[in-house]
1. Residues that are touching a helix residue (DSSP H, G or I) at 6+ places or on another chain (Cβ under 6 Å), modelled with pLDDT of 90 or more and surrounded by fewer than 17 Cβ atoms within 10 Å (Cβ to Cβ): does the range 79-96 have at least one?
2. Out of the residues in the range 54-78 that are part of a loop (DSSP other than H, G, I, E, B) and out of contact with any strand residue (DSSP E or B) (no Cβ under 8 Å at 6 or more places or on another chain), state the one that is surrounded by the fewest Cβ atoms within 10 Å (Cβ to Cβ).
3. Name, by its number, the condition in (1) more than 13 Å from the chain's Cα centre (by Cα); (2) outside any loop (DSSP other than H, G, I, E, B); (3) surrounded by fewer than 17 Cβ atoms within 10 Å (Cβ to Cβ); (4) not basic (K, R) that does not hold for E51.
4. Out of all the residues in the range 65-118, which are under 13 Å from L41 (Cβ atoms) and of a type in the set (S, T, Y)?
5. Does the range 4-14 include one or more residues that are assigned to a loop (DSSP other than H, G, I, E, B) and not assigned by TED's automatic domain parsing to the domain that holds T83?
6. Any idea how many residues of the range 97-132 are surrounded by 12 or more Cβ atoms within 10 Å (Cβ to Cβ) and of a type in the set (A, V, I, L, M, F, W, C)?
7. Among the residues of the range 20-42, write down those that are in contact (Cβ under 8 Å) with a residue 12 or more places away in the chain and among the basic types (K, R).
Amino acid sequence: MNQSDLPIALRSAYLALHRRTEKQFAPLGVTADQFVLLATLARGHALTQRELARRMPSDPSTVRAMIVLLEKQGLVKRARHPTDARARTVALTAAGRRAFQKLWAEGEPIRAQMYGVLKPNEAKTLVKLLTRVAESLTVEALPVDNP
């Protein structure tokens, strides 16, 4: 195996998934990245914008732009954080929850295709491995150069 194989394979898989999801969700007026934001919020309670960006994972300014757009569409709502006056929380609206459920159902063929090429337990192993790779590449995990 060549050292460039892993990064290229990861990028190839990501781009294939992203393109396929964009095409699947385009008729519904939602991008793949917006779907990820909605899916992240659908997992639980309201999150701060910073926490949402961390969990997606995405750039905070990109997340903020998506929130503004989705808020205009009535899919998410922002509110003041109960204990931090500087922070705002983001949550799905009832319309946002319905939209997410529709998108989730619309994405089933993509998930079925991904799981269809994997043997039992490979998906679980793949998620664990990708999580380990992602965690190793986070800014916090990078070694600090000492002058």
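The values are calculated or read from the model by the stated rules, or taken from the named source; none is laboratory data. All figures in this text were calculated on a predicted structure; none of them were measured in a lab. With ideal geometry, Cβ positions are generated from the backbone for all residues, glycine too; neighbour counts draw on all protein chains shown.
1. No: zero hits.
2. Pass one, the range 54-78, residues part of a loop (DSSP other than H, G, I, E, B): 56-59, 73-75.
Checking which are out of contact with any strand residue (DSSP E or B) (no Cβ under 8 Å at 6 or more places or on another chain) leaves us with 56-59, 73-74.
Details: M56: 19, P57: 12, S58: 17, D59: 10, Q73: 14, G74: 12.
My answer is D59.
3. Here E51 clears every test but (1).
4. The answer is T89, T93.
5. Scanning the range 4-14, I find at least one residue that is assigned to a loop (DSSP other than H, G, I, E, B) and not assigned by TED's automatic domain parsing to the domain that holds T83, so the answer is yes.
6. So the answer is 10.
7. R20
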